[in-house]
1. Can VAL78 be described as in contact (Cβ under 8 Å) with a residue 60 or more places away in the chain, outside any helix (DSSP H, G or I) and of a type outside the set (Ser, Thr, Tyr)?
2. Take region 81-136 and flag every residue that is within 25 Å of ARG152 (Cβ to Cβ), free of Cβ contacts under 8 Å to residues at least 24 places away in the same chain and not hydrophobic (A, V, I, L, M, F, W, C).
3. Across region 198-226, what is the number of residues that are surrounded by 18 or more Cβ atoms within 10 Å (Cβ to Cβ), in a helix (DSSP H, G or I) and either at pLDDT 70 or above or on the phi > 0 side of the Ramachandran plot (or both)?
4. Can you list residue pairs whose Cβ atoms sit under 9 Å apart, with the first residue in region 294-322 being assigned by TED's automatic domain parsing to the domain that holds ARG382 and at pLDDT 65 or above and the second being hydroxyl-bearing (Ser, Thr, Tyr) and part of a helix (DSSP H, G or I)? Count only pairs 6 or more apart in sequence or on different chains.
5. Got a sec? Which of GLY139, GLY135, GLY108 is surrounded by fewer than 16 Cβ atoms within 10 Å (Cβ to Cβ), touching a Pro at 6+ places or on another chain (Cβ under 9 Å), under 30 Å from ALA49 (Cβ atoms) and in the same structural domain as THR60 (by TED's automatic domain parsing)?
6. Output the residues belonging to region 47-65 that are over 19 Å from LEU132 (Cα atoms) and either surrounded by 15 or more Cβ atoms within 10 Å (Cβ to Cβ) or not assigned by TED's automatic domain parsing to the domain that holds ARG123 (or both).
7. So, of the residues in region 180-197 that are in contact with a helix residue (DSSP H, G or I) (Cβ under 8 Å, 6 or more places away or on another chain) and among the hydrophobic types (A, V, I, L, M, F, W, C), which turns out to be modelled with the lowest pLDDT?
8. How about region 90-100: which of its residues are surrounded by 20 or more Cβ atoms within 10 Å (Cβ to Cβ) and either under 60 Å from the mean Cα position of the chain (by Cα) or outside any loop (DSSP other than H, G, I, E, B) (or both)?
Amino acid sequence: MRRRLLFTVMVLVAMVLVGLGVPLALTGARAAVQREFVDRLSDTVRFAALAQRPLVDADTATLLPEMQRYDQVYGVAVALVGQDCRPLVSSRPGMDVDSYRVKVALAGRRSEPYQIMLLWTGRPMLLAEPVLLDGEVRGAVVTISPTSALRRDVFIECAALFLGGLVMLGLAAMVALPVVRWILRPVRRLDSGLARVAGSVLSGEPAEPVGEGDGPPELRELTRSFDQMAAAVTQALAAQRAFVADASHQLRNPLTALRLRLNNLEDRAGPGRAEEHQAALEEADRLGEVLDGLLALARAERAPTGARTIDLDEVLADRLDAWGVLAEHETLRLSRTGRERLRVRVPPGTLETVLDALLDNAIKFSPPGGEITVHTESEDGRVNLAVRDHGPGIAADEMDRATDRFWRSPTQHNVDGSGLGLAIARSTVRRAGGALSLDLPPGGGLRVLVALPPAD
């Protein structure tokens, strides 16, 4: 954005310089042509006055020395032509004086000023003045001046204006650059601080202000509004998480009491009420699982954000050993494949929370005798952790919703669960700076891929 803004400023300055420089250059060129014309016109008039006596005496040769000296000094050819437009005497032999201006002079009119176009054509400046005797035109004096020196002077003047414009453009850039930086400083702080503010908002910590009170008033107001918005969102999320955690915790006590009362009613339920009593116990157990999931989700969202270097092999060995007992009870095999000796940089407890959620789901949906594989590798600057089962999987059109809270596939309502496992894993991975994705591998089942930042 800084380049675009600076480019816009420089274009405007360049337009101003062109708008001023072009008329100034044209005015200077016209003035130079006019000066040259007036100078040559005065010399031509002088020669016309000198030619009166030689024409009366019919001795035009007396003008030749004066014309030749003038030609030698100034490089301007001079000729005296008669009424028939033929040269009577000239400073250079064979001068071509057949011109419209000569005919105009022989008609008794004076030379008209030259326009600036003379510089672009490169033609010499030809002036003709009538020689009058007793009010009668007896001839004309013609001067032919080269315009190379005039064009050179005009070119130098235009080049000076152009270089001056470049200097002014450079000075404008030097002045505009700090102004542009000052204007965009709040925008850069917003851009650089957005990630930090997002992390603070997600963690429930106070958002670091991005406004420093400098920059244009409009942008200062924008940064203040942004800080207020970030503070409001942080407070709202913190209140929401606190409510979820507190509500889940407070509901456990009445739920425990309800479960005890249901158990006490087991002996008193009549023969026709046994099924309803058992269904009530199952719903109480399911409600307990939902509350446990909500508490786990609240803990995941309020987990510490300070990253540490964690040995992946050590955590995997611990969690596979812990879940191995349940997997053996369900006649499932847990295996580890891929690269070893990998380390990641994540907040403490991240790997344990993610592995518990993923292994719980994999064991829950794997058929007896199946295999659950945990694969690790390093790719594209990330440490990838994949948990793959051979269960029924999910439909391709349900992949985007699988990590939503409380979402469960319509084909899996007969499986115990709260629908919070993948949501907890995704929230935990995001807070660690990683990403979680799902895919359907060949051979069936579901694979959950977790990409985590590696240790430095």
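1. Details: in contact (Cβ under 8 Å) with a residue 60 or more places away in the chain: yes; outside any helix (DSSP H, G or I): yes; of a type outside the set (Ser, Thr, Tyr): yes.
Judged against the criteria, VAL78 is a match.
2. Let us first name the residues in region 81-136 that are within 25 Å of ARG152 (Cβ to Cβ), namely 91-92, 95-96, 99, 101, 111-127.
Going one step further and asking which of them are free of Cβ contacts under 8 Å to residues at least 24 places away in the same chain, we end up with 92, 96, 112, 117, 120-121, 124.
Residues satisfying the conditions are ARG92, ASP96, GLU112, THR121, PRO124.
3. Of the residues in region 198-226, 3 are surrounded by 18 or more Cβ atoms within 10 Å (Cβ to Cβ), in a helix (DSSP H, G or I) and either at pLDDT 70 or above or on the phi > 0 side of the Ramachandran plot (or both).
4. Taking only residues 6 or more apart or on different chains, the pairs are ALA307/THR350; ILE310/THR350.
5. GLY108
6. LEU64, the sole residue that qualifies.
7. Residue satisfying both the conditions and the ranking: VAL197.
8. Within region 90-100, SER90 is the sole residue that qualifies.
The values are calculated or read from the model by the stated rules, or taken from the named source; none is laboratory data. A quick note: this is a predicted structure, and the numbers were derived from the prediction, not measured. Here Cβ is always computed from backbone atoms with ideal geometry, including for glycine, and neighbour counts include all displayed protein chains.
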